[in-house]
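Step one of this worksheet: look at the structure below.
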Amino acid sequence: MAHPTFRRTFLEIVVSSLLVTASLGGRPLLAQPSSLREAAADHFLIGLGVSDSISEMEECHGLLQQQFQIVTPENCMKPAGLRPTADRWDFDLPDRFVEFAVANQLQVVGHCLIWAKDDRTPPWFYQDGDGLASRELILQRVRDHVTTIVSRYRGRITQWDVVNEALDDGPNQLRDSGWSRATDYEFIAEAFRAAHEEDPQALLIYNDYNNEAPAKRERMIALLKKLLADQVPIHAVGLQGHYEIDAIPYENIDATIQAIRDLGLRVVVSELDIDMIPRGRWWADGGKYREEMAMLDPYANGCPEDLLRRQAEQYAKLFAIYKKHAEAIERVSFWNLHDGQSWLNYFPWNRVNYPLLFDRQLQPKPAYHAVLQVLSGRSKPSDIP
């Protein structure tokens, strides 16, 4: 589905043209652009998921403004925080977040209007008195919820994660939830229609995790085709991109982006990081290893240089894929600004983690320089030591 150009909705990128000379592992590099946003200027927007209270975190403002163009609030626009009961709205944090972003010439991603999981949805959405709400009532609640929020921020939020994580991780197309049980896929279509009616200029995104995995990708493509056939105004697909070191599925990521391109939709990398302490075993065999893993904190005193080099190389390979598909990619957003802020220090257990491009002192890591090199065309991923 064609859609107007969404880029540069605010001011054009205004950054210094000074180049810096960086080094990675002691080897001098060619002069690089002075920021991620400068290096990516001809490719896609560079974004960031940040704390709801970013306006109060003055120590981060300089780095944020220098490096990034678009921000996503971590939690304050999710249904549970924004509307815990049918008659209670809490716009205080979202309003302050949007006001801060606009004042600093940053675009905003609204995240998220509908989260298609029962444990992330206030129970009132599904209830009608002592019983379950009807299909018609739930669809009306979807419309009312979406309309109220999107109309409030029309023109100030340029992109919306309209529906989040609706796909099943098993054999079914959709996750079992109060939404899908009552309406099948219609709650998704209704949310997109309502959002588009309120702000026809906003980029509307379906967002999910692990949707580059072949089986889940197949279910996602089937859903997208149905939405498009029904003329639902969906514009982009979000790939969450919460990867683990040494286990990034490059070929599947490349194939998924191409499959989305083939549908005429845009791609958003919505929540990018690389976990340095792999977490997959936490869920293995019914959680039998969790007590053991909860004690695992191997890098409490610092991250080994070799691991940082591998992370740099793997970020470079990811950005080579994104650059290859730049015509279809609208935005790449990291999830949190620096290592100390990352959710991966606490999920699914507490450990000192290093998943991002900036360290706890807000200094660039080898991965930062590697990404700059790839975006600026000064190296290929294989050149990164």
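Residues whose amide H lies under 5 Å from that of R351, counting only those 5 or more places away or on a different chain, are Y346; hydrogens are built 1.01 Å from N in the peptide plane.
Between W124 and R154, what FRET efficiency comes out of the Förster formula 1/(1 + (r/R0)^6) with R0 = 22 Å and r the beta carbon distance, rounded to 0.05?
Between R154 and W124 the formula returns 0.30.
Around the amide H of V108, modelled in the peptide plane, lie the amide H atoms of V71, T158, Q159, all under 5 Å away and 5 or more residues distant in sequence or on another chain. When the stretch 137-226 is described by a simple charge dipole with +1 on each Lys and Arg Cβ and -1 on each Asp and Glu Cβ, the residue from S177, Y153, P214 located farthest towards its positive end is Y153.
Computed over Cα pairs, the Kirkwood radius of the stretch 102-192 leads via Stokes-Einstein (1.567 mPa s, 4 °C) to a diffusion coefficient of 92 µm² per second.
Normalised radius of gyration (Cα atoms, divided by 2.2 N^0.38 Å) for the stretch 297-368: 1.20. Measuring r between the beta carbons of A86 and E251 and using R0 = 45 Å, the FRET efficiency lands at 0.45. Using the Cβ-Cβ distance between Q201 and W283 with R0 set to 41 Å, the FRET efficiency works out to roughly 0.55. The candidate values were (i) 33, 24, 21; (ii) 54, 25, 21; (iii) 35, 28, 17; the one computed from these coordinates for semi-axes √(5λ) of the Cα gyration tensor in Å carries the label (i). For the chain, the relative contact order is 17 percent, taking Cα pairs closer than 8 Å that sit 6 or more residues apart in sequence and dividing their mean separation by the residue count.
Measuring with a 1.4 angstrom probe and ignoring ligands and nucleic acids, D230 comes out at about 60 Å² accessible. Using a 1.4 Å probe on the protein heavy atoms, what percent of the accessible area of the chain belongs to carbon and sulfur? C and S atoms contribute 48 percent here.
The values are calculated or read from the model by the stated rules, or taken from the named source; none is laboratory data. In this text the structure is predicted, and so the values were computed from the model without any measurement. Don't worry about glycine lacking a Cβ; one is built from the backbone with ideal geometry, like all the others, and counts go over all protein chains shown. For accessibility, only protein heavy atoms count, side chains too; no ligands or nucleic acids. Shrake-Rupley method; radii C 1.70, N 1.55, O 1.52, S 1.80 Å.
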